[in-house]
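A single structure is presented below for examination.
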Amino acid sequence: MVRLLEASPAQGLGLPLSVGGATLSEVVLGPVWSIAPFAGRAGALAEKLGVALPAPDRVVSADDVRLLWAGPGRALLVGGVPPDLSGLAAVVEQGDGIVAVALEGLAARDVLARLVPLDLRDVAFPEGATARTLLNHMSATLLRTGPQAYEVLGMRSMAGTLVREIGEAMRHVAGREEL
Amino acid sequence: MRVACPFCGDRDRREFTVQGDDTSLRRPGRDAGPLAWHDYVHLRDNPAGRLHEIWHHDPCGAWVVVERDTVTHAVHGVTLAREAAR
Amino acid sequence: MRVPGRGLTQDARLVPFTFDGKGHAGRDGDTLASALMGEGVRLVARSFKYHRPRGVLSAGSEEPNALVTVEGVPNTRATVQEIWDGMSARSQNAWPSLAIDAMGVNDLLDPFLGAGFYYKTFMWPRTLWERLYEPVIRRAAGLGRLSGHADDAPFEKAWAHCDLLVIGAGPAGLMAALVAARAGADVILADEGARMGGRLLAEVDPVEGRAPHLWADGVVAELREMPNVRLLPRTTVTGAYDGGTYGALERVGLHRAPVAHRPVECFWRIVAKRAVLAAGAIERPLAFPDNDRPGVMLAGSVRTYLNRWGVVPGPRIAVYGNNDDAHRTARDLAAAGLKVAALIDTRGEARIEEAGFPVMTGARVVGTRGRLGLAAVTVEGVGGRREFEVDGLAVSGGWSPAVHLTCHLGGKPAWDERLQAFLPREGAVPGLVACGAANGVFSTAGCLRDGLRAAGESLEALGLAVPPVEVPEAEGEAGTVGPFVLASGGRQFVDFQNDVTVKDIRLSAQEGFQSVEHMKRYTTLGMATDQGKTSNVPALAVLAEALGSPVASTGTTTFRPPYTPVSISAMGAGGQGVGFAPQRLTTSHQAALQRGAPMIEAGLWYRPSYFPRPGELSWRQACDREVAMVRHSVGVCDVSTLGKIDVQGPDAAAFLDFVYSNTMSTLPVGKVRYGLMLREDGFVMDDGTCARLGLQHYVVTTTTAAAAQVMRHLDFVAQVLRPDFDVQCVSVTEQWAQVSIAGPWSREMVQAVVEADLSDERLPYMGCAEAAVLGVPGRVFRISFSGERAYEIAVPARYGASLWRLLVAQAESLGGGAYGLEALNVLRIEKGFITHAEIHGRTTAFDIGMERMVAKGKDCVGWASSRRPGLLDENREQLVGLRPLVRTGQITAGAHLYGRDAAAMRENGQGYVTSACWSPTFETALGLGFLKGGRARHGEVVRLVDAMRAVETLVEVTEPVFLDPEGGRMRG
């Protein structure tokens, strides 16, 4: 019996990677679905889902399932499969197209400062926040998951570039420590 | 230059693509005639002063209208293109 | 020479280094300039044009003379570069040595090398200009030499955000940062120097009753402990930009031996709600004959070298200035036990207390002696001329506030007659306030108070309360400054780096280049790497005098970023090599590499070009075989890179009717239609397919390189042009791995992995279906780009690699295999299918023979413009096929088409070739191109000329399709 074998987006890229005060590892997100309500259906959608779609730059969590704000009128359901939402929203699977990594450690914020133009101070990007931004030249979703923990979601095809550029920033930050 | 995306907040200009002034908000009807269409596709005012421009915030996909002063570079307001007056 | 007991680094450890191959030792914390001075080395450079012996002029980044090559990096300022163990530095612009420089002869030719000499000399004979004069001048010009190697040292870029950016950590900046930090603001304090303190490290007047550097150290220590403060020493803020954004260059690792992964420099972008400019002031020299000898230095810098580093140019020093501040240098030198040969003040009314050394007021320096180093100065005063034997001359023409950043957004500074300097204009940079010496406040006490004021203004704007702060006691004497005095005769240098003299400026005015902008460019004054920091104001004084007008009306040139030079490596950090752009790889990438496929870049994607088999010697052999494989057996190709956009909603059909030129609302569910998207000016933007999976569910495909552009366009239509449509578009390019299977055996291959009935009745040509692929949810599309029966299978990307390998193995077992872009291109040219080579942005649907694909009954993007008569003219260049008359004839893309007997000139141009290939199927070259009125000229013979590749071929104009025009092979 022939079956197709799965490969994760960051397979073969040398993760987890630990350099200085930061660690980079692949995150298995599980199912990821884009949910975009049709005109005037946001209310009915919230009822069917059991929760309203998150406000911009916010994450709504329940158990292991998260709803991330993902753009105007859109959210990403991470870690779960949505119920039948026909007629209420465009529901599109997105998980295979995403590479997800976790960047953690005392140096994690300094590493990100080399990669994203975002204000990463606690006041601007607290735990539970998310943002759509650029990581060097790539569009990416950034999540703050802990005091010194972040998740980065990028496009699967650019996984190699993502891991390489974050790794380089980690080495540069660690390189300063010896001064 | 920094522009405030209504969803994402204050962001650096590098996250945006500038399409040009907001003429696109006033698209003529299909049969409005060649002069109206020539005007719409090719002719633009170039004021030294306030201008409404259409910008795209690439990371989140929002199209916005930015009111900007071309002389002082001050940004006077950002609204969603979807909700802009036509 | 070293002065025992002086300097803040006298107890630091010794650091060995070399200069021009000779071993030296300095102290940890020395710059190369202070270390060389301590070793008694005064001669460090030869000037740019005249190759005059030069020494260190200043103690900072404004240094115009002491440019050296450090570890292969040219034009490094010795006054900024800190020494490290084993560092190797070399002088520039001298051969064979600094002391004996062959090009020193230029100094004798100075009458011929004045400002703008290249417009007036070296003109005869004309032929010699290109052959001799220009190459010689070009080789002689330039300062420093590039290594010739790629720079692979690590550089980085970084972002920082704060409430308040304080630029400069002298007394004003430290005060401002302290107050703001105590108020709870997020503060970034940046200073050019390795150690924070600014002039507090160079002066001796007490602050709070202690040595000034101790007060500075105390403030820095307090700031370092505060979590809301980021200290950035060795960081020059290089530019002020819109929106409170500042660029800054940090020297991260230049003061230590290089180490892998430690960045050499970091280019910062700092976003600050408010900023305080406390960048201090830059001293300028006076002009007098031979004022550029090694040992002539700025008076304030002499104090810096003495008090901070404990070194002086020599034991006997004279001081010359037009202001009170210069007197401090004489005072400090005398207090250190050095011989002050004389204190010379140009102002007759200057009052100086008896200080144990000769004082001359109302006097001027009129000449100097000492070719390789200052030996004596001649002074003309009330009692006539006198010569003093000296090793150093400390010169001061006053101080210029460092206003540069305030001008970066177009502001012009204002001339202050009393201070004889330019002051920043308030509000020139929104959100930035200048204070301290940068704002014309020249006493320490004044700077401390002014720093507090600036912090107060900034905190108020931030909505924070000013905490109670005591301003420490300090000296409060700013002193006065007199005008520039201008002498006559001799070589009086103004811009030391570009060797521009007073005579050059006067010549410029005389020849009509009288505006300061013209004078700058005609003389090149202020255009060197020091950007005129020490020469700008003296030059204006000379120009004003030559024009007979006051300096205030002479104006000043524009200051632009960067304030000091920024290496391209720093600005482009991370952008070299693969870092230039993201690499997009398909899920079959590894498998393709393992099969030895070379890669081609298609936009950001990497796609295999061909799959060589053992025994194949060239790409053509592989390509020909792959084409034959697809035509006679079956081929497998990864087509995941084409854009795929999911379109859903109640108005999905209407939306697509508006976006496509043809009609998609009539497409039945389960069918696929080829479509064109136009630009609003009527030209074709992209082509692709549209598959209908449901009544309100479509999947749109785009060409690989246009995917992002089309996605943005769909968003644009949905949000800007037609927000009335209830539709959602989401990119699924990355979600699905998609593989094309093409050839006579394609159906069998696809049926083997898809668990659904794929007979021609259930899945006809241009049909689509959702179906399980080896147990995994997938999609099947029956579309062809090769002209053969073909299918595309889509599976979630996690299965992409696995699916591709499986299909290729299957195909190989049938006598086929994987094929790449070269074969893909040949197959589609044989079939006459177009790509962006044909829809290159200036062709219309009419030009490519698809006028009927622009539906007449509806509006769409580009509809109105596409109806313009000029875009429907029969004489436009129309898509045709091209076939050489003789089988060996070559066709190249980019070649031009002419009438058979017409000369190959622009006026006779009839068209051009867009695509070309060798067709193994027809055993001839084939091409597609555009020919004026081409559709009416089938059968005609035209001449193809490619002047760049020296190709000339007679070709027959044909229908733009060679293989199977009826399409029977595809439709099965």
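It is to be established whether one or more residues within the range B:57-67 are more than 11 Å from chain C (Cβ to nearest Cβ) and open to solvent by less than 40 Å² (accessible area, probe 1.4 Å).
yes
Keeping to the range A:40-70, report how many residues are under 15 Å from A:Val91 (Cβ atoms) and small (Gly, Ala, Ser).
Count: 4.
To continue, here is another question. Considering only residues that are away from chain C (no Cβ under 11 Å) and of a type in the set (Ser, Thr, Tyr), look in the range A:4-30 and name the one that is nearest to the chain's Cα centre (by Cα).
For the range A:4-30, the residue satisfying everything is A:Ser25.
Given the condition assigned to a loop (DSSP other than H, G, I, E, B), touching a strand residue (DSSP E or B) at 6+ places or on another chain (Cβ under 7 Å) and modelled with pLDDT of 95 or more, answer yes or no: does some residue in the range C:445-461 qualify?
no
Let me ask another. Report the residue count in the range C:624-671 for those that are open to solvent by 10 Å² or more (accessible area, probe 1.4 Å), of a type in the set (Val, Ile, Thr) and closer than 30 Å to A:Phe38 by Cα.
Selection size over the range C:624-671: 3.
Could you list all residues from the range A:139-162 that are open to solvent by less than 10 Å² (accessible area, probe 1.4 Å), over 21 Å from A:Glu93 (Cα atoms) and of a type outside the set (Phe, Trp, Tyr)?
A:Gly146, A:Thr161, A:Leu162
Okay, moving on. Any residue at all in the range A:60-77 that is farther than 30 Å from C:Val776 by Cα, among the charged types (D, E, K, R), in a strand (DSSP E or B) and more than 9 Å from every other protein chain (Cβ to nearest Cβ)?
No.
Would you be able to say whether some residue in the range A:100-108 is at negative phi and within 12 Å of another protein chain (Cβ to nearest Cβ)?
No, the range A:100-108 contains no residue that is at negative phi and within 12 Å of another protein chain (Cβ to nearest Cβ).
Sort out for me the strands (runs of 3 or more DSSP E) sitting completely within chain B that have 1 or more residues that are among the polar types (S, T, N, Q) and under 24 Å from A:Leu134 (Cβ atoms).
B:16-21, B:75-80
Condition (residue is in contact with a Cys (Cβ under 8 Å, 6 or more places away or on another chain) and hydroxyl-bearing (Ser, Thr, Tyr)) applied to the range C:597-606: is it met by at least one residue?
No, the range C:597-606 contains no residue that is in contact with a Cys (Cβ under 8 Å, 6 or more places away or on another chain) and hydroxyl-bearing (Ser, Thr, Tyr).
So in the range A:42-55, with the set limited to residues that are surrounded by fewer than 18 Cβ atoms within 10 Å (Cβ to Cβ) and assigned to a loop (DSSP other than H, G, I, E, B), which one is nearest to the other protein chains (Cβ to nearest Cβ)?
So the residue we want is A:Ala55.
Between C:Gly820, C:Gly800, which is crowded, with 23+ Cβ neighbours inside 10 Å and within 14 Å of chain A (Cβ to nearest Cβ)?
C:Gly800
Name the pairs whose Cβ atoms lie under 7 Å apart, with the first residue in the range B:28-48 and within 19 Å of C:Gly870 (Cβ to Cβ), the second open to solvent by less than 50 Å² (accessible area, probe 1.4 Å) and among the polar types (S, T, N, Q), and 6 or more positions between them or separate chains?
Pairs that qualify, where the first residue is within 19 Å of C:Gly870 (Cβ to Cβ) and the partner is open to solvent by less than 50 Å² (accessible area, probe 1.4 Å) and among the polar types (S, T, N, Q), are B:Trp37/C:Ser865; B:Tyr40/B:Thr23; B:Val41/C:Ser865.
Just checking, which of C:Pro258, C:Pro263, C:Pro233, C:Pro206 is farther than 23 Å from C:Gly310 by Cα and open to solvent by 10 Å² or more (accessible area, probe 1.4 Å)?
Testing whether each residue is farther than 23 Å from C:Gly310 by Cα and open to solvent by 10 Å² or more (accessible area, probe 1.4 Å) leaves just C:Pro258.
Next up: Please state which one of C:Asp657, C:Asp687, C:Asp646 is out of contact with any helix residue (DSSP H, G or I) (no Cβ under 8 Å at 6 or more places or on another chain) and more than 24 Å from C:Gly849 (Cα to Cα).
Result of the check over C:Asp657, C:Asp687, C:Asp646: C:Asp646.
Still on this structure, please answer the following. What helices (runs of 4 or more DSSP H), lying completely within the range C:560-675, carry at least 3 residues that are under 32 Å from the mean Cα position of the chain (by Cα)?
C:568-571
A further question follows. Checking the condition surrounded by fewer than 22 Cβ atoms within 10 Å (Cβ to Cβ) and either under 25 Å from C:Val659 (Cα atoms) or within 12 Å of chain A (Cβ to nearest Cβ) (or both), which residue from C:Ala769, C:Ala707, C:Ala718, C:Ala756 passes?
From the options C:Ala769, C:Ala707, C:Ala718, C:Ala756, the qualifying one is C:Ala769.
Further, regarding this structure: What's the number of the condition C:Trp159 fails, among (1) within 14 Å of chain A (Cβ to nearest Cβ); (2) touching a Gly at 6+ places or on another chain (Cβ under 6 Å); (3) of a type outside the set (Val, Ile, Thr)?
Of everything listed in (1) within 14 Å of chain A (Cβ to nearest Cβ); (2) touching a Gly at 6+ places or on another chain (Cβ under 6 Å); (3) of a type outside the set (Val, Ile, Thr), C:Trp159 misses just condition (2).
Taking the criterion of being at pLDDT 95 or above, under 22 Å from C:Leu372 (Cβ atoms), under 36 Å from the mean Cα position of the chain (by Cα) and part of a loop (DSSP other than H, G, I, E, B), would at least one residue in the range C:26-39 satisfy it?
no
Can you tell me which residues in the range C:302-324 are outside any loop (DSSP other than H, G, I, E, B), polar (S, T, N, Q) and either touching a Pro at 6+ places or on another chain (Cβ under 8 Å) or under 13 Å from C:Gly397 (Cα atoms) (or both)?
Once the filter is applied, which keeps residues that are outside any loop (DSSP other than H, G, I, E, B), polar (S, T, N, Q) and either touching a Pro at 6+ places or on another chain (Cβ under 8 Å) or under 13 Å from C:Gly397 (Cα atoms) (or both), the range C:302-324 yields only C:Asn323.
On the basis of being more than 9 Å from chain C (Cβ to nearest Cβ), hydrophobic (A, V, I, L, M, F, W, C), outside any helix (DSSP H, G or I) and under 23 Å from C:Ile270 (Cβ atoms), does A:Ala140 make the cut?
So A:Ala140 passes the test.
Also, I was wondering about something else. Any residue that is open to solvent by 10 Å² or more (accessible area, probe 1.4 Å), in contact with an Asp or Glu (Cβ under 7 Å, 6 or more places away or on another chain) and of a type in the set (Asp, Glu) - is there at least one of those in the range C:270-290?
The answer is no, given that none of the residues of the range C:270-290 is open to solvent by 10 Å² or more (accessible area, probe 1.4 Å), in contact with an Asp or Glu (Cβ under 7 Å, 6 or more places away or on another chain) and of a type in the set (Asp, Glu).
Scan the range B:15-47 for residues that are over 16 Å from the mean Cα position of the chain (by Cα) and either of a type in the set (A, V, I, L, M, F, W, C) or closer than 23 Å to C:Val429 by Cβ (or both) and report the count.
The qualifying residues number 4.
Can you confirm whether the range B:4-14 contains a residue that is surrounded by 15 or more Cβ atoms within 10 Å (Cβ to Cβ), at the interface with another protein chain (Cβ under 8 Å from one of its Cβ atoms), under 23 Å from C:Pro723 (Cα atoms) and of a type in the set (D, E, K, R)?
Looking for residues that are surrounded by 15 or more Cβ atoms within 10 Å (Cβ to Cβ), at the interface with another protein chain (Cβ under 8 Å from one of its Cβ atoms), under 23 Å from C:Pro723 (Cα atoms) and of a type in the set (D, E, K, R), one finds none in the range B:4-14, hence no.
Residues are listed down the side, and each one gets a yes or a no for (1) open to solvent by less than 20 Å² (accessible area, probe 1.4 Å); (2) assigned to a strand (DSSP E or B):
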residue	(1), (2)
C:Asn875	no, no
C:Arg883	no, yes
C:Arg887	no, no
C:Ser915	yes, yes
C:Trp918	no, yes
C:Phe922	no, no
C:His938	no, no
C:Arg943	no, yes
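Kindly evaluate C:Ala528 against the criterion of being farther than 22 Å from C:Leu200 by Cα, open to solvent by less than 40 Å² (accessible area, probe 1.4 Å) and assigned to a helix (DSSP H, G or I).
Spelling it out, it is not the case that C:Ala528 is farther than 22 Å from C:Leu200 by Cα, open to solvent by less than 40 Å² (accessible area, probe 1.4 Å) and assigned to a helix (DSSP H, G or I).
Scan (1) touching a residue at least 40 places away in the same chain (Cβ under 8 Å); (2) of a type in the set (A, V, I, L, M, F, W, C); (3) in a loop (DSSP other than H, G, I, E, B); (4) over 24 Å from C:Val252 (Cβ atoms) for the single condition C:Trp124 breaks and write down its number.
(1)
Name the residue that is nearest to A:Leu76 (Cα to Cα), counting only residues in the range C:730-748 that are within 14 Å of another protein chain (Cβ to nearest Cβ) and open to solvent by 10 Å² or more (accessible area, probe 1.4 Å).
Within the range C:730-748, the match that is nearest to A:Leu76 (Cα to Cα) is C:Ser731.
The values are calculated or read from the model by the stated rules, or taken from the named source; none is laboratory data. Computed from a prediction, not measured in an experiment: that's the story for all the values here. Note: ideal-geometry Cβ built from the backbone for every residue, glycine included; neighbour counts use all protein chains shown. For the accessible areas, the whole protein counts, side chains as well, though only heavy atoms, and no ligand, DNA or RNA atoms are used. Shrake-Rupley method; radii C 1.70, N 1.55, O 1.52, S 1.80 Å.
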